[in-house]
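Here, each number is a calculation from the coordinates, and none is a lab measurement. Quick caveat: nothing in here was measured; it's all calculated off a predicted structure. Note: ideal-geometry Cβ built from the backbone for every residue, glycine included; neighbour counts use all protein chains shown.
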């Protein structure tokens, strides 16, 4: 596959070396991408794993009964640039009526804000640590809880919880929108808010951006995509998309169509596709985790947020 970087209309698509269900091509009644169903995890008799359209479990981490190890927080520091961070405070709380985990710099300054959206596991310890790390880079981060306190540790429960959210898209959008408004009203923020999510959360980040929430920037890590013009006309740019070339959940064809449609619409965006990377490559558990690609993608994320909501 040819490596290319396209710089047209303020956009970039780069194929770089080194969430589940089918991709929605239309829109729901509210203009957002259609919800999709999880495909169950498939394992062989000895518990090994072949990538199938689903979100969450990693190759080598799936057991015969369908359970798998969730990312461990102690793996985050080295990969996600958790050095030279400012002091933070963090707590479980609500913002705008939405439950979640709020992490922010400890001083009395004001900072840009990010609504962080969890993977299909729910708001677990790993996502809390990611919120803390990003807050240490001088952001106010609210990791919104779309499962109302429930956390999955096996694929069956994760599928059930994420399926419930997809079956009630308006409720999920209302919860995320409440988080956006809560951050805008928070005295510790500048009022500029971006969304950021991985896998299931990447799809929800896009859904939020397509809603009436009026974000200042959107980050999607390998979430299912809308690709048609009518739907994407509602997106809040600028947009950062992170994907893997070998992802069997979010195909390269869909990523290219997403990129092209945003280009046609004149939406400022950057799309990075990591050569050889599969789905959920930035999750530190399991064999599809790619540390170098994850480190690069996280650096792209920090630079994107710095340029889009801090300046």
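FRET efficiency for the pair residue 107 and residue 302, taken as 1/(1 + (r/R0)^6) with r the Cβ-Cβ distance and R0 = 22 Å, rounds to 0.65. Starting from a Cα-only point model with no solvent, please compute log10 I(q)/I(0) by Debye for the stretch 165-311 at q = 0.10, 0.14, 0.15 1/Å. Ignoring solvent entirely, the Cα scatterers give -0.33, -0.65, -0.75. Residue order for 251, 159, fewest other beta carbons within 10 angstrom first, comes to 251, 159. By the beta-carbon count within 10 Å of each Cβ, the least crowded to most crowded order of 138, 128, 167, fewest first, is 167, 138, 128.
The length gained by stretching the chain between residue 164 and residue 275 to full extension, at 0.36 nm per residue less their Cα-Cα distance, is 36.7 nm.
How big is D, in µm² s⁻¹, for the stretch 77-208 by Stokes-Einstein at 20 °C and 1.002 mPa s if Rh is the Kirkwood radius over C-alpha pairs? Let's see the in-between values first.
Values: Rh = 14.6 Å.
D, rounded to a whole number, is 147 µm²/s.
Relative protection proxy for 200-210, 100-110, 240-250, 269-279, from highest mean packing down: 200-210, 240-250, 269-279, 100-110 (other beta-carbon atoms within 10 angstrom).
Once fully extended, how much extra length lies between residue 248 and residue 234, figured as 0.36 nm per residue of separation less the alpha-carbon to alpha-carbon distance? It would help to have the intermediate numbers written out before the result.
On the way: separation 14, 0.36 × 14 = 5.04 nm, distance 2.64 nm.
Full extension of this stretch gives 2.4 nm more.
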